[in-house]
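A.B. asks: Okay, handing you the structure first.
Every number here is computed from the coordinates shown, using simple stated rules; none is lab data. Here the structure is a predicted model, which means the values were calculated and not measured. Because the Cβ atoms are built from the backbone with ideal geometry, glycine has one as well, and the counts that use them run over all protein chains shown.
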Amino acid sequence: MSAKKKAQFDAKKTLEMIEDQFEMFQILNEEGEIVNQDAMPELTDEQLEELMTRMVYTRILDQRSISLNRQGRLGFYAPTAGQEASQIASHFALEKEDWILPGYRDVPQIIWHGLPLYQAFLFSRGHYHGNQVPEGLNVLAPQIIIGAQYIQNAGVALGLKKRGKKAVAVTYTGDGGSSQGDFYEGINFAGAFNAPAIFIVQNNQFAISTPREKQTAAKTIAQKGIAAGMPSVLVDGMDPLAVYAVTREARERALNGEGPTLIETMCYRYGPHTMAGDDPTRYRTNDMDTEWEKKDPLVRFRKYLEGKGLWNEEKETAVIERAKEEIKDAIKKADETPKQKVTDLMSNMYEEMPANLKEQFEIYKEKESK
């Protein structure tokens, strides 16, 4: 038997060389200390305070939304605690003219972009008014189909490019969403057409109960963007300064005609996947929860701001009380919104109602009038 022919190339080495390039980008460590001064974004003291304000407000919104869901006053809800830096800091790097295509966990971003809070509550209830985006607000309704927003984001970004708009299209999904065919099609399309798009994968370690290590054999999700020909980065998703910096840079590249970027944010969701019966204690350990709680984005950013004399207990309490009051007013307004009717569903679905529904429409119209 002849000796095995020596390979003329080392494919495994090539893979390892690529994977080794993806070190996690960080600016602020778990103790609230700057560890990468050269990468510090240019944010004023007022902007730093505003970013913290939004993160604290969003944590309260999450707590109240969970409570409202348990009371039966909200419908579908996906908790966000733990992902504030990933969500809010990335949004903070955008401008009003940019488009946001959210997943179902990304309601906070579109609220801060301008969606009235009461409409976010109506979206959770399945009320059509929750999806009626106000004129001039550049967001799409949260996408329920896993990963579908990635294809849509590529299309919106290409549209912005063809119209000569100085804006970007940004979308989010989780680590589970990165396994969908839509994920690959979306980033490949955007890369091929050099579209001004930003694709963010919030790697919160579990797609419902499927752990990250069973999601893909790739060492990082970020490296998948290389195959689509786009710059890609792995960032500490619990570090608001790092998330802001990479998102802002991605936006600037896109506006300069340098195409899309894929960003993987390493983060953690403290709560269940959704409030629809998921029990995270069945697939996560107490040790894992404790380890990630030490990396809490609010805790580390609070330490940093307190060290600069920009934050204190009084300011945080004021934000908490404001959030509670505004949430109370918003849920009251949602409660006062006329209930959705079957005839509304039919009327909203069709410009010209099919003959087979016209008869049913009249039947329901009569019932609803009583």
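A.B. asks: Roughly how tilted is helix 181-192, in degrees to the nearest 10 and between 0 and 90, from the longest Cα axis of the chain?
C.D. replies: Orientation of helix 181-192: about 70 degrees from the principal axis.
A.B. asks: Let me ask another. Between ARG73, ARG163, ARG59, where does the largest GNM mean-square fluctuation fall for the chain, given springs only between Cα atoms within less than 10 Å?
C.D. replies: ARG163
A.B. asks: Right, something else. Extension gain ALA217-ARG163, at 0.36 nm per residue separation less the Cα-Cα distance, in nm?
C.D. replies: 15.5 nm
A.B. asks: Right, another one. On a 0 to 90° scale, report how tilted helix 148-162 is relative to the longest principal axis of the chain, with both axes built from alpha carbons and the result rounded to the nearest 10.
C.D. replies: So the helix axis and the longest Cα principal axis differ by about 80 degrees.
A.B. asks: Right, next: Expressed in nm to one decimal, what extension gain is obtained for the pair LEU345 and ILE34 from 0.36 nm per residue of sequence separation less their Cα-Cα distance?
C.D. replies: 106.7 nm
A.B. asks: Which of the peptides 119-128, 346-355, 15-24, 63-72 is most tightly packed, and how do the rest follow, going by the mean number of other Cβ atoms within 10 Å of each residue?
C.D. replies: 119-128, 63-72, 15-24, 346-355
A.B. asks: A follow-up question, please. Nearest 0.05, what FRET efficiency do MET17 and GLU95 give at R0 = 41 Å with Cβ-Cβ as r?
C.D. replies: Working from the Cβ atoms, E equals 0.65.
A.B. asks: Sticking with this structure for a sec: If Lys and Arg each add +1 and Asp and Glu each add -1, what is the summed charge of the other residues whose beta carbon sits under 12 Å from the beta carbon of ALA154?
C.D. replies: Within the 12 Å Cβ shell, the charges total -1.
A.B. asks: With runs of 4+ DSSP H residues as the only contributors, calculate the mean residue ellipticity of the chain at 222 nm using -39,500 (n - 2.57) per run, divided by the residue total and rounded to the nearest 500.
C.D. replies: Only helices count here, giving -14000 deg cm²/dmol.
A.B. asks: Let me ask another. Using only Cα atoms, locate the centre of region 292-345 and the centre of region 255-277, then give the distance between them in Å, rounded to an integer.
C.D. replies: 20 Å
A.B. asks: Please determine, in degrees from 0 to 90 and to the nearest 10, the orientation of helix 313-336 with respect to the longest principal axis defined by the Cα atoms of the chain, where the helix direction is its Cα long axis.
C.D. replies: 40 degrees
A.B. asks: Please report the antiparallel percentage of DSSP beta bridges with both residues in the chain, rounded to the nearest 5.
C.D. replies: 10 percent
A.B. asks: Projected onto the charge dipole of region 21-338 (+1 at Lys/Arg Cβ, -1 at Asp/Glu Cβ, origin at the Cα centre), which of HIS127, ILE88, GLY72 gives the Cα projection farthest towards the positive end?
C.D. replies: Result: HIS127, furthest along the dipole toward the positive end.
A.B. asks: For region 79-138, which GluC sites (Glu not before Pro) pass both filters: DSSP loop (anything but H, G, I, E, B) and at most 14 other C-beta atoms within 10 Å?
C.D. replies: Answer in residue order: GLU95, GLU97, GLU135.
A.B. asks: Moving to a separate point now. For a bin width of 20 Å, list the pair-distance distribution of region 21-338 built from all Cα-Cα distances, rounded to whole %.
C.D. replies: Over region 21-338, the share of Cα pairs per 20 Å bin runs 34, 61, 5 percent.
A.B. asks: Which one, TYR304, GLN360, THR337, projects farthest toward the positive side of the charge dipole computed for region 304-370 from Cβ point charges (K/R +1, D/E -1)?
C.D. replies: Ranked along the dipole, the leading option is GLN360.
A.B. asks: Please give the length that would be gained between VAL133 and THR274 if that part of the chain were fully extended, namely 0.36 nm times their separation in residues minus their C-alpha to C-alpha distance (nm, one decimal).
C.D. replies: Extra length from VAL133 to THR274 when fully extended: 48.4 nm.
A.B. asks: Taking 30 Å as R0, compute the FRET efficiency from the Cβ-Cβ separation of GLN71 and LYS294 and round it to 0.05.
C.D. replies: Taking R0 as 30 Å, the efficiency between GLN71 and LYS294 is 0.40.
A.B. asks: Can you give the FRET efficiency to the nearest 0.05 for LYS358 and LYS308, using r as the Cβ-Cβ distance and R₀ = 45 Å?
C.D. replies: 0.10
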